[in-house]
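Please read the structure below before turning to the comments.
The values are calculated or read from the model by the stated rules, or taken from the named source; none is laboratory data. Just so it is clear, the model here is predicted, and its values are computed rather than measured. Backbone-built Cβ (ideal geometry, glycine too); neighbour counts: all protein chains shown. The area values use the complete protein model at the heavy-atom level, side chains included, leaving out ligands, DNA and RNA. Shrake-Rupley method; radii C 1.70, N 1.55, O 1.52, S 1.80 Å.
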Amino acid sequence: MLQCLSGTSCMRAIEGYRSTWYFLVLVLGYLLYLIFGALVFSAVELPYEELLRRELRSVKEQFLEDNECLSDERLEEFLARALEASNYGVSVLNNATTNWNWDFTSALFFASTVLSTTGYGHTVPLSDGGKAFCIIYSVVGIPFTLLFLTAVVQRIMEFSTRRPIEHLHRRWGVSKPMLGAIHASFLAVIMVSCFFLIPAIIFSVLEEEWNFLESFYFCFISLSTIGLGDYVPGEGYHQRFRELYKLGITLYLILGLIAMLVVLETFCELQQLKNLRKMFYLRKQKTEDRLNIVDHDHLSFTSVSDHASTFREDKTDGFPDAITTTSPSATLN
């Protein structure tokens, strides 16, 4: 009898802390995924780094042999200065002097990468005043960008997701979760085609040194706001219509980021993913009114509305009015 009661108590304790166990498994899985990525990147990239180092040492030694009047110390001093300038987006090459980093279109492109937190790093402020203004501009501009994206995505979601699903549900009688999954997949295909595949083909044509994989890599790194900066369009030598090209890229980045958020939000609204998220959330005994901080017609870039939605999902099928989206700065770098 005591063994039965003890076993029942243990089962109740395990059941009561189920979300905690799931959360611990989630943390462990994330750490393992980080380690896995580090191992793969190290195994793949380390040999190429070593090869590049050997090539650079060989080129340097050959240059010193051909120019005996130049000492190794003087060459090191010049290369250090040149690399320092290169980190600020300034090159000493003769064929790179035609491209200015701070004309209006380049500055507009830089501002868009700052506000979207993409931050390629190919161009950075040179002066102390520029660095100070960049801090102030970002402090105001990044929340402003989140507000702007929230409003845009909310309106697009209404016409691209909620109304079509509601219309098809009433007309065909298909369940909203099923329609939501099909609709999300359809939007994902359209987004990948319009903002990844087609732009990658265009960039591979316009950028002479880029192939399709490199162009697709740039599109993904940019629209996911990772922004590594190893590939930046419009920086090639003798780029034709560079100002217009930069404006087009800026527009592409803004529209692409909006499209990414719409697709992510559509997937986040799927009932299957909501149930998956609830497995890892801490359940609190609070009323819906205290949890539902944001209005039903506004996006939340935190998980607060996710907690609130757990109380509503029993009453609502499919896509509720409240939107829970992932933060652009998490997508956003």
With the condition kept exactly as written, say whether any residue in the stretch 180-190 is of a type outside the set (S, T, N, Q) and touching a Gly at 6+ places or on another chain (Cβ under 8 Å). yes
Name the residues in the stretch 103-133 that are within 25 Å of the chain's Cα centre (by Cα), part of a loop (DSSP other than H, G, I, E, B) and touching a residue at least 12 places away in the same chain (Cβ under 8 Å), would you? Ser116, Thr117, Thr118, Gly119, Tyr120, Gly121, His122, Thr123, Val124
Report yes if Leu126 is at pLDDT below 85, open to solvent by 40 Å² or more (accessible area, probe 1.4 Å), in the same structural domain as Pro233 (by the TED database) and of a type in the set (A, V, I, L, M, F, W, C), otherwise no. yes
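Among the residues of the stretch 129-145, how many are open to solvent by less than 40 Å² (accessible area, probe 1.4 Å) and closer than 25 Å to Gly256 by Cβ?
4
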Just to be sure I understand the filter: pairs with C-beta atoms under 8 Å, separated by 6 or more residues or on different chains, first member in the stretch 24-51 and surrounded by 10 or more Cβ atoms within 10 Å (Cβ to Cβ), second member not β-branched (Val, Ile, Thr). Which pairs pass? Leu26/Phe280
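Hey, could you check the stretch 157-180 for residues that are of a type in the set (A, V, I, L, M, F, W, C) and open to solvent by 30 Å² or more (accessible area, probe 1.4 Å) and say which is farthest from Glu214 (Cα to Cα)?
So, considering only residues that are of a type in the set (A, V, I, L, M, F, W, C) and open to solvent by 30 Å² or more (accessible area, probe 1.4 Å), the one farthest from Glu214 (Cα to Cα) is Trp172.
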Please list, ordered by residue number, the helices (runs of 4 or more DSSP H) wholly in the stretch 181-280 having 3 or more residues that are surrounded by 15 or more Cβ atoms within 10 Å (Cβ to Cβ) and at pLDDT below 90. 242-268, 271-278
Within the stretch 159-175, can one find any residue that is of a type in the set (Asp, Glu) and over 29 Å from Gln272 (Cβ atoms)? no
Within the stretch 200-237, which residues are among the hydroxyl-bearing types (Ser, Thr, Tyr) and in contact (Cβ under 8 Å) with a residue 12 or more places away in the chain? Ser215, Tyr217, Ser222, Ser224, Thr225, Tyr231, Tyr237
Within the stretch 55-79, work out how many residues are surrounded by fewer than 10 Cβ atoms within 10 Å (Cβ to Cβ) and farther than 25 Å from Val90 by Cβ. 4
Anything in the stretch 71-102 that is farther than 22 Å from Phe218 by Cβ, of a type in the set (Gly, Ala, Ser) and either modelled with pLDDT of 85 or more or part of a helix (DSSP H, G or I) (or both)? List them, or say none. Ala80, Ala82, Ala85
